[in-house]
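Right, one structure below, let's go through it.
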Amino acid sequence: MTESAATAKTPEVSENPETPAAPAAPAANEFFQKNLAAIRQWAPYLYSRLGAIDVPNTDLIVDPDGGIDIGFRGQRLYGQDAVAHASAQIEKFAEAPTREFINEPDPEKMKGMTGDFCVAVRDRMGGAGIAYDPAKTFPNSHFLVVFGIGLGFHLQTLIERTEAKVAILIEPNIEYLYHSLYVTDWATLFEIGDRQGVRFSLIVDQKPAEIAAKAGQVLRGNNPSLLDGVSLFMNYRSVILDRAKDLIRRDLFLSISGLGFFDDECIMCRNAAGNLAAGTAEILGEYLSTRDEPLFVIGSGPSVEADLDFIVAHAGQAMLMSIGTGLRSLLVHGIRPDFHIELENGVDNLEIIAATAEEFDIGGVTLIASTTVHPDLARIFDRAVFYFRERVTPTQIFGGSFPILQPAGPTVANSALVSSIRLGFRKVYLFGVDMGTKSGSKFHAKESVYGTGLLDEVVEASQAFPGNLGGTAVGSHVYDWSRKVLENTLQHYRSVQVYNCSNGVRIDGAIPKVARAIELPETVIDRAAVGREISQGLARCKRERWSMQWRESDIRAQSTVILDHLEGILVALAADPGSSVDWLQSFCDAIQAIEHQSPANAALLGGTLQLAVGCASWYDRRICDPGQIDPYRRLAAEELSALVGRLREGLEALLDEMETTLDLPGAHGHVAGA
């Protein structure tokens, strides 16, 4: 952003330094109105809030020497001229910027085509003698997060120096933004940003958790693969901004978690086709009638061992739902749950359930599972009810008007909580939903498949958290992610009473309660009758419904257009990658645009493409010899083009297979090449 935006239109000067300025002069009002109109155009969600301010509680103060500040009850925001304050802050930031960097891409942790792409790029770099330094830093950032808009004098320079393409501007006090409209040229800032491809997101909120959640959505929705090197700038300190910054830094890399892999999406598509092909699948979508019966949700965390006797003793007074590997612990104690929840699409889950069903009678247990689970897993149960989970390709293809069950992940505990609410239960007790452990390296109960040795314990503790029933528990990255999603869900569904009886990590919003303190109705529940009542409220995904969705998704024809366009961009980049640090921006924008062109293709292709871009960008910024940047970019563009070709071939094979499974007439068109 090298163009100049005026940033100091000074209103009338007050003779008394403690007297607020009176921005009543025609020029000041005209400047304010121009900026307010710019807000209406570029941040319309703030326009009415700003327009509603008549007499602010804070004051815009202009000292006799021209210094500008904000005052409130005799206190100053900056304590000095805001322009001088911004200048000093920016220079300090230039000397010691607050940045967050991503570790080097690990092909072992990437799946299928994404990992293959990473290996191919590194092999070609080695063959061409292109060296990189993992410790090398770089001055520019795709993302800039500013904590405190204040009077806004710091914004233009920050965006110029960081070369940010996404600017997240956070302000807890709407009046500060209001005052800035008198002194900072927002209209020009937005116009220059638009010409230079800068996307602004203004977040005005006083709740740190809400600020962090909104910032996370922006990061996730604007090429998160370019998160590496994000800049974080604090304009002024406050309890709200400090906490929001801590939360955003803590959750930064969740923005690139769960983007999806083409290989996984293909598995889920095949599974969903198998589960829906008959046209008889029951679907849990709409919220069912509210139920009075309590519900026990039983996971496989180690603390469930201490509560199994209580669960057994009160099995007649509550409905029972097992989740994931928690099923076996109940069966060992002679209890068959009413519902069992599954989320994942892997063969491991099938093998676990198959082994459990061979050992125990699971007759009468209703499976509630994502449409993406292996079809053979669903066939093990007498009855299966499916749900459409968010973001995945089968939901985009087949979901149609069915309400999506969300947030269904990242773990099955999340699916269980939302399923409980959709089923109508309003009093839920969690057992063994530990989200960590107080038992050293033991993360699962001894009677689960992990305790029996069928599966190896793979969870590794990475963080310590407050314990639910006192003390401290340790958890992993995924458990922490899952817990945060649970907390957000509970925040949304305040009418649901959720009691956490697990002796693991505390889940905010769930009331801690030891099992012996639970008070249940003495009436014995007719659990079979409850199951029948619930069944009456479920919809069916009939053949005519999903076949119509298949036709409307038009995934084959849409993918041809999308992949041809991506190929064209990459051919141009390989011929002339250019010298700009944002050399991949046109490709990134094309990936982002897929969401609007074809949500199904976005779910299927987007994750792999974004992760590949992140890999290519990571090495690009760390090339040791500037003279080797151009050769590197050419080979990276060529490998991205090869990846697009492999995606085209894989997609064609997938669609052919799905059309065969679904028994669609006249199938097997082709995803044409460019």
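What is the P(r) of the chain, as percent of Cα-Cα pairs per 10 Å bin from 0?
Per 10 Å bin, starting at zero, the Cα-Cα P(r) for the chain comes out as 3, 14, 21, 22, 20, 14, 6, 1, 0 percent.
Kindly report, to the nearest 10 Å², the accessible surface of Tyr287 as traced by a 1.4 Å probe over protein heavy atoms only.
110
Counting Lys and Arg as +1 and Asp and Glu as -1, each charge on the Cβ, what is the dipole of region 532-668 about the Cα centre in debye, to the nearest 20?
520
To the nearest 10 square angstrom, what accessible area does Asp480 show with a 1.4 Å probe?
Counting only protein heavy atoms, the figure is 10 Å².
Percent of alpha carbon pairs in region 75-216 separated by more than 24 Å?
47
Looking only at the chain, where both bridge partners belong to it, what percent of the DSSP beta bridges are antiparallel (to the nearest 5)?
30
Compare the peptides 542-550, 349-357 by average per-residue count of other Cβ atoms within 10 angstrom and give them in order, highest first.
Put in order of decreasing packing, that is 349-357, 542-550.
How far, in degrees from 0 to 90, does helix 112-128 lean away from the longest principal axis of the Cα atoms of the chain, to the nearest 10?
50
Specify which residue in the list Ser255, Ala82, Gly432 is farthest towards the positive end of the charge dipole of the chain, using unit charges on the beta carbon of Lys, Arg (+1) and Asp, Glu (-1), about the Cα centre.
About the Cα centre, the residue reaching furthest to the positive side is Gly432.
Work out from phi, with θ = phi - 60° and the Karplus expression 6.51 cos²θ - 1.76 cosθ + 1.60, the ³J(HN,Hα) of each residue of region 551-556, listed in order in whole Hz, and give x for Gly and Pro.
5, 5, 5, 6, 5, 5
If you count, for each residue, the other Cβ atoms within 10 Å and average over each peptide, how do 154-160, 274-280, 430-436, 178-184 line up from highest to lowest?
The packing order, highest mean first, is 430-436, 178-184, 154-160, 274-280.
Using the alpha-carbon atoms, what tilt in degrees (0 to 90, nearest 10) does helix 527-536 show relative to the longest principal axis of the chain?
Helix 527-536 sits at roughly 60 degrees to that axis.
Leaving ligands and nucleic acids out of the surface, order Arg49, Arg122 by accessible area at 1.4 Å, largest first.
Arg49, Arg122
List every residue whose amide H lies under 5 Å from the amide H of Ala473, counting only residues 5 or more places away in sequence or on a different chain, with H placed 1.01 Å from N in the peptide plane.
When sequence neighbours closer than 5 places are left aside, the close amide H contacts are Phe465, Gly467.
Hey, got the dipole for the chain? About the Cα centre, +1 on K and R Cβ, -1 on D and E Cβ, debye to the nearest 20?
Dipole about the Cα centre, nearest 20: 1020 debye.
Quick one: Karplus J couplings for region 453-458, per residue in order, coefficients 6.51, -1.76, 1.60, θ = phi - 60°, nearest Hz, x for Gly and Pro?
Going residue by residue, I get x, 4, 10, 7, 5, 10 Hz, with x marking Gly and Pro.
Counting other C-beta atoms within 10 Å, and keeping those with at most 15, which DSSP coil GluC sites (Glu not before Pro) do you find in region 418-486?
Sparse-neighbourhood loop GluC sites (Glu not before Pro): Glu457, Glu460.
Ignoring ligands, DNA and RNA, what accessible area per residue does the chain give at 1.4 Å, in Å²?
Spelled out: the 1.4 Å probe surface of the chain, per residue, equals 41 Å².
To the nearest 0.05, how large is the calculated FRET efficiency for Ala209 and Glu460 if R₀ is 30 Å and r is the Cβ-Cβ distance?
Computed FRET efficiency for Ala209 and Glu460 comes out at 0.65.
Around Val498, which amide H atoms from residues at least 5 apart in sequence, or from another chain, sit under 5 Å from its own amide H, with H modelled in the peptide plane?
Val428, Ile511
Using heavy-atom solvent-accessible surface (probe 1.4 Å) with all chains present, what is the largest-first order of Ile562, Ile404?
Ile404, Ile562
Using only the alpha-carbon atoms, how far is helix 629-661 inclined from the longest principal axis of the chain? Give it as 0 to 90 degrees, nearest 10.
30
What number do you get for region 420-527 when its Cα radius of gyration is normalised by 2.2 N^0.38 Å, N = residues?
Cα-based Rg divided by the globular estimate yields 1.16.
Here are some pairs, Lys207/Lys245; Lys214/Lys484; Lys92/Lys207; Lys214/Lys245; Lys207/Lys484; which of them have Cα atoms lying more than 19 Å apart in this structure?
Among Lys207/Lys245; Lys214/Lys484; Lys92/Lys207; Lys214/Lys245; Lys207/Lys484, the Cα-Cα distance tops 19 Å for Lys92/Lys207.
Project the alpha carbons of region 321-473 onto their principal axes and report the range along each, largest first, in whole Å.
The Cα atoms of region 321-473 stretch 46, 34, 29 Å along their principal axes.
The values are calculated or read from the model by the stated rules, or taken from the named source; none is laboratory data. Keep in mind it's a predicted model, so treat the numbers as computed, not measured. Here Cβ is always computed from backbone atoms with ideal geometry, including for glycine, and neighbour counts include all displayed protein chains. Heavy atoms of the whole protein, side chains included, go into the accessibility calculation; ligands, DNA and RNA do not. Shrake-Rupley method; radii C 1.70, N 1.55, O 1.52, S 1.80 Å.
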